[in-house]
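> Below you will find the structure I want to go over with you.
The values are calculated or read from the model by the stated rules, or taken from the named source; none is laboratory data. Just so we're clear, the structure is a prediction, and the values are computed from it rather than from any experiment. Note that we place each Cβ from the backbone using ideal geometry, even for glycine, and neighbour counts take in every protein chain shown.
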Amino acid sequence: MAAEFVRDLDAGMLEYFRDMVNVLVEGCGISRPEVDAHIDVALLPIHPTPPKDSPFWTLSE
């Protein structure tokens, strides 16, 4: 586990997450700890799949 993220990430995803943090810190002026916390919190919840007729449904079978 990388020290700055709660979840276990393989090398590719760790690089991706770090790149996201850098863009938000450098481009938006958000502090690094705040960005790290938002990324960890935003990706943790698992939501149920929306109903098939939902306008939020983005996956096709």
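> Just to verify a result, which residue in region 29-49, among those that are part of a loop (DSSP other than H, G, I, E, B) and at pLDDT 75 or above, is farthest from L9 (Cα to Cα)?
G29
> Quick one: in region 3-28, of everything that is of a type outside the set (A, V, I, L, M) and assigned to a loop (DSSP other than H, G, I, E, B), which residue is surrounded by the most Cβ atoms within 10 Å (Cβ to Cβ)?
F5
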